[in-house]
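A quick write-up on the structure given underneath.
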Amino acid sequence: MNSGKSLQAGRSWERLDGVDLLRGLAIFLVLMNHVNMRLLSADVPYANGIPEQIVSSLVWNGQRGVQIFFAVSGFLITSTTLRRWGMLKAVNVRAFYQMRFARIAPLLVLLLTVLSVLHFAQVTHFIVPAKTGGLGRALAAVLTFHVNVLEARRGFLPGSWDILWSLSVEEMFYLFFPLTCRVLSRGKLLIALLAGFVVMGPLARAWLAHGNEVWREYSYLGGMDAIALGCLTALVLEKRRLSHAALRLLMTLGPAMLAFSLGFSLKAQGVGIEPERTRYDDPGLGDLYVDRAGGADEMEESKGAGAIA
């Protein structure tokens, strides 16, 4: 009897192949995006002769990769909380924060130390410009979860700092998740809130950014829909097990939808379904934008920060 329980517990903590696969895809999309930026900045015509849609799918989907990471995070945080405390309303807020701190703080402090040394050493592409508030302002933004706000208002930080915008979104989720679970103890209220985030995310990226290209991609609300979808998925799977037929259907539909999204993105933009991704988002190379259709020769300085919704 006990051995059966321990076996069940052991299985619940095994790695999920599907989650690892999503992580791998997200890493690929983000890395390819940044590699593409570097090659364009060096005027390397690596994409000559390759169909435009293939290039678009492989190297211009870094933001989708980040959204995949957000969805995985929401799923894992919710499912782990359910396994550890049995139900979301029973979450130990202090223990939750301690575990998140232990997982994030050591490497984050090491990273900030290295970046600060490189800044003081005046290493190219690692110097935090005065227009963004300098090193102190950047450190404060990282430690108080608003790198995205700082960049939307003052312009991009160096690339090695800019990547921390997504951590600001994640940390805001970590900050409010256990408190929300305790306050909204009735499951329907929590599900309604998560569903609201799913609805508001696309609106935040499409209209609530008020023309601010940085905030369109970096806003808190613009990342919460993916996180909320991950949370909702964990809640659904906690309540019921899917049949083998349902799993096979999802395993077919998932890759098909992903292939459709990546394979027809240019056509979607052509008919206005999806906005043009025009931001040249390698901040280490300066506040530059590039029109993907025009190529690297049509870089221009970024427009004003605009309003932040």
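Which residue out of V123, V128, V142 is among the β-branched types (V, I, T), buried (at least 17 other Cβ atoms within 10 Å of the Cβ) and farther than 26 Å from I68 by Cβ? Lay out the reasoning, then the answer.
Details: V123 fails: buried (at least 17 other Cβ atoms within 10 Å of the Cβ); V142 fails: farther than 26 Å from I68 by Cβ.
The unique qualifying residue is V128.
Select from segment 181-193 the residues that are of a type outside the set (K, R) and either more than 18 Å from A71 (Cβ to Cβ) or touching a residue at least 40 places away in the same chain (Cβ under 8 Å) (or both) and list them in ascending order. Lay out the reasoning, then the answer.
Taking segment 181-193 first, the residues of a type outside the set (K, R) are 181, 183-185, 187, 189-193.
Those that are of a type outside the set (K, R) and either more than 18 Å from A71 (Cβ to Cβ) or touching a residue at least 40 places away in the same chain (Cβ under 8 Å) (or both): C181, V183, L184, S185, G187, L189, L190, I191, A192.
Taking interchain pairs and intrachain pairs at least six residues apart, which have beta carbon atoms under 8 angstrom, with the first residue in segment 58-84 and closer than 14 Å to L16 by Cβ and the second among the hydrophobic types (A, V, I, L, M, F, W, C) and not in a helix (DSSP H, G or I)?
R83/W13
Checking Q98 against (1) surrounded by fewer than 18 Cβ atoms within 10 Å (Cβ to Cβ); (2) of a type in the set (S, T, N, Q); (3) in contact with a helix residue (DSSP H, G or I) (Cβ under 7 Å, 6 or more places away or on another chain), which single condition isn't satisfied?
(3)
Within segment 129-243, which helices (runs of 4 or more DSSP H) (wholly inside it) include 1 or more residues that are β-branched (V, I, T) and out of contact with any Cys (no Cβ under 7 Å at 6 or more places or on another chain)?
Working: elements: 134-143, 147-154, 159-162, 165-183, 187-206, 213-218, 220-239.
Per the criteria, 134-143, 147-154, 165-183, 187-206, 213-218, 220-239.
Could you say whether any residue in segment 37-56 is free of Cβ contacts under 8 Å to residues at least 60 places away in the same chain and under 25 Å from L221 (Cα atoms)?
Taking segment 37-56 as the starting set, the residues that turn out to be free of Cβ contacts under 8 Å to residues at least 60 places away in the same chain are 39, 42, 44-51, 54-55.
Retained after the next criterion (residues that are under 25 Å from L221 (Cα atoms)): none.
No, segment 37-56 contains no residue that is free of Cβ contacts under 8 Å to residues at least 60 places away in the same chain and under 25 Å from L221 (Cα atoms).
Pick from segment 198-235 the residues that are of a type in the set (A, V, I, L, M, F, W, C) and buried (at least 22 other Cβ atoms within 10 Å of the Cβ): which of them is farthest from the chain's Cα centre (by Cα)? Can you show your working first?
Kept after step one, since they are of a type in the set (A, V, I, L, M, F, W, C), are these residues of segment 198-235: 198-200, 203-204, 206-209, 214-215, 221, 224, 226-229, 231-232, 234-235.
Okay, now just the ones that are also buried (at least 22 other Cβ atoms within 10 Å of the Cβ), so 209, 214-215, 224, 226-228, 231.
Working: A209: 17, V214: 14, W215: 13, M224: 9, A226: 8, I227: 9, A228: 12, C231: 15 Å.
Looking at residues that are of a type in the set (A, V, I, L, M, F, W, C) and buried (at least 22 other Cβ atoms within 10 Å of the Cβ), I get A209.
Of the numbered conditions (1) without any contact (Cβ under 8 Å) to a residue 40 or more places away in the chain; (2) of a type in the set (D, E, K, R); (3) over 27 Å from V183 (Cα atoms), R154 satisfies every one except a single condition; which is it?
(1) is the only condition that R154 fails.
Quick note: the coordinates plus some simple rules give every number you see, no bench work behind them. Computed from a prediction, not measured in an experiment: that's the story for all the values here. For neighbour counting, all protein chains shown are included, and Cβ atoms are generated from backbone atoms with ideal geometry for every residue, glycine included.
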